[in-house]
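What follows is a set of notes on a single structure, which appears directly below.
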Amino acid sequence: MFARTRLLHIAEGMKARRIVVYGDIVADRFIYGTPKRISREAPVLILRQYRDDVLLGAAGNAINNISSLGGIPVPVSVLGDDAQGTQLLDAMAGQGIDCSGVLRASRYNTPTKVRILGGMPHASRQQIVRYDIEDHCDLTESEAARLAGVLREQMAAAHAGLISDYGYGAVTQPLAKTLTGTAAGKPVTLDSRYDLLRFSGVTAATPNEEEAAAAAGTSLFDGDDDVQLQQAGEALRQKLGSKALLITRGSRGMALFEGAGRGALLIPVYGTDQVADVTGAGDTVIATFTLSLAAGASFAEAATIANYAGGIVVMKMGTATVSNDELRRAIERDEALRE
């Protein structure tokens, strides 16, 4: 069991740590409406819109969380030369984030996940439907060369790197290798939605259970089979060539793998399993995990702190963040820690 003072020291050490975030930045759009009536045109509910938010999603959410935790995110990505891309850039610039490593491409439509929510303004709101506006950005040679230069330059001055691959084209295998190849021993973490094993050489990865199962070519959903989990998790860590693998398991917490013979560290979920919204929780986890490593945490310490952050953020609606103060309060209130 960890000492409270040690975890609080790590949380404090997150402040001013520079993290290069190389990934797909997505617009998370939330449209809110109050129920009006049932349509005469079709058996559907008509909402009267009263709010429309466009938030940083995917790698953008990791960037947002690093900033809210006191770190300094350095985004490296591609956005469309469209209204959504401009909104996201403005949101980052408004926080004082250096966006010089974000390219604009007129041929590319910024991926946007649109969620329609119904309910009264001051009551709980139910997500009714979601639709995605998707595109894929095939980088030109000049764009790839420019991003490679940015990654080399920024990683030299950073404390850690984070790769957030959502499959929209900003993240490529050669550029990911550029990042890991110039890390010089600094931690580089990975969150890849569809192709985890394409990015070998990272320090650690944080897939959810479904992503881990797909990459391992097995199933992790047959009840609470810890033996199966141990075998699949360690096999996946070895395939990836990483020092650690952190599998997020929803209401069952997390499982950390650090090497053959050590067994998995099973971390129970923090807080309650009656969650409000899981949107973007994985981005919060990898942001906190990476910042913790940058602050000198061991993998086990970083996973424990990330577990606090994940437990906090799922109790918030929408694409949310965790502050350093919230994280510290969670550590201070955990009676299971040693004084």
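The values are calculated or read from the model by the stated rules, or taken from the named source; none is laboratory data. As the structure is a computational prediction, the values presented were derived from the model and not from experiment. A quick note on method: Cβ atoms are made from the backbone with ideal geometry, for glycine too, and the neighbour counts reach across all protein chains shown.
Inspect all residues belonging to the stretch 77-84 and state whether any of them is under 26 Å from residue 155 (Cα atoms), modelled with pLDDT of 95 or more, out of contact with any helix residue (DSSP H, G or I) (no Cβ under 6 Å at 6 or more places or on another chain) and hydrophobic (A, V, I, L, M, F, W, C).
yes
Pairs only if they're at least six apart or on different chains, beta carbon under 6 angstrom, first in the stretch 312-326 and closer than 23 Å to residue 268 by Cβ, second surrounded by fewer than 24 Cβ atoms within 10 Å (Cβ to Cβ) and at pLDDT below 80; list them, first residue then second.
What qualifies is 314/275; 314/278; 315/276.
If you go through the stretch 149-206 one residue at a time, how many are modelled with pLDDT of 95 or more and part of a helix (DSSP H, G or I)?
Residues that pass the stated criteria total 18.
Look through the stretch 19-41, keep the residues that are of a type outside the set (A, V, I, L, M) and under 16 Å from residue 284 (Cα atoms), and return whichever of them is surrounded by the fewest Cβ atoms within 10 Å (Cβ to Cβ).
It comes out as 28.
Looking only at residues in the stretch 64-78 that are in contact with a strand residue (DSSP E or B) (Cβ under 6 Å, 6 or more places away or on another chain) and among the aliphatic types (A, V, I, L, M), which one is surrounded by the fewest Cβ atoms within 10 Å (Cβ to Cβ)?
Ranking the qualifying residues of the stretch 64-78, first place goes to 72.
Which residue is surrounded by the most Cβ atoms within 10 Å (Cβ to Cβ), if the candidates are limited to the stretch 303-338 and must be in contact with a strand residue (DSSP E or B) (Cβ under 8 Å, 6 or more places away or on another chain) and either at positive phi or small (Gly, Ala, Ser) (or both)?
306
Can you name every residue in the stretch 66-87 that is of a type in the set (A, V, I, L, M, F, W, C) and in a helix (DSSP H, G or I)?
Hits for the stretch 66-87 are 66, 83.
Looking at the stretch 43-56, is at least one residue crowded, with 24+ Cβ neighbours inside 10 Å, touching a residue at least 40 places away in the same chain (Cβ under 8 Å), closer than 26 Å to residue 130 by Cβ and within 24 Å of the chain's Cα centre (by Cα)?
Yes, there is a match, as at least one residue in the stretch 43-56 is crowded, with 24+ Cβ neighbours inside 10 Å, touching a residue at least 40 places away in the same chain (Cβ under 8 Å), closer than 26 Å to residue 130 by Cβ and within 24 Å of the chain's Cα centre (by Cα).
Just to be sure I understand, how many residues within the stretch 224-250 are part of a helix (DSSP H, G or I), out of contact with any helix residue (DSSP H, G or I) (no Cβ under 9 Å at 6 or more places or on another chain) and either under 21 Å from residue 287 (Cβ atoms) or of a type in the set (D, E, K, R) (or both)?
Result for the stretch 224-250: 3.
Which of the residues spanning the stretch 116-135 are touching a residue at least 60 places away in the same chain (Cβ under 8 Å) and among the aliphatic types (A, V, I, L, M)?
116, 117, 120, 128
Let me confirm something: among 242, 219, which residue is more than 20 Å from the chain's Cα centre (by Cα) and not β-branched (Val, Ile, Thr)?
219
Have a look at 157, 123 and point out the one that is under 30 Å from residue 36 (Cα atoms) and loosely packed, with under 12 Cβ neighbours inside 10 Å.
123
I'm told residue 16 meets every condition in (1) more than 16 Å from residue 114 (Cβ to Cβ); (2) among the aliphatic types (A, V, I, L, M); (3) in contact (Cβ under 8 Å) with a residue 60 or more places away in the chain except one. Can you identify the failing condition by its number?
(3)
Name the one entry in 138, 90, 98 that is loosely packed, with under 15 Cβ neighbours inside 10 Å, free of Cβ contacts under 8 Å to residues at least 60 places away in the same chain, in contact with a Gly (Cβ under 8 Å, 6 or more places away or on another chain) and not in a strand (DSSP E or B).
Going through 138, 90, 98 in turn, the sole match is 138.
Quick check on my filter: what residues within the stretch 277-294 are buried (at least 23 other Cβ atoms within 10 Å of the Cβ), assigned to a loop (DSSP other than H, G, I, E, B) and either at negative phi or among the hydroxyl-bearing types (Ser, Thr, Tyr) (or both)?
The one that is buried (at least 23 other Cβ atoms within 10 Å of the Cβ), assigned to a loop (DSSP other than H, G, I, E, B) and either at negative phi or among the hydroxyl-bearing types (Ser, Thr, Tyr) (or both): 279.
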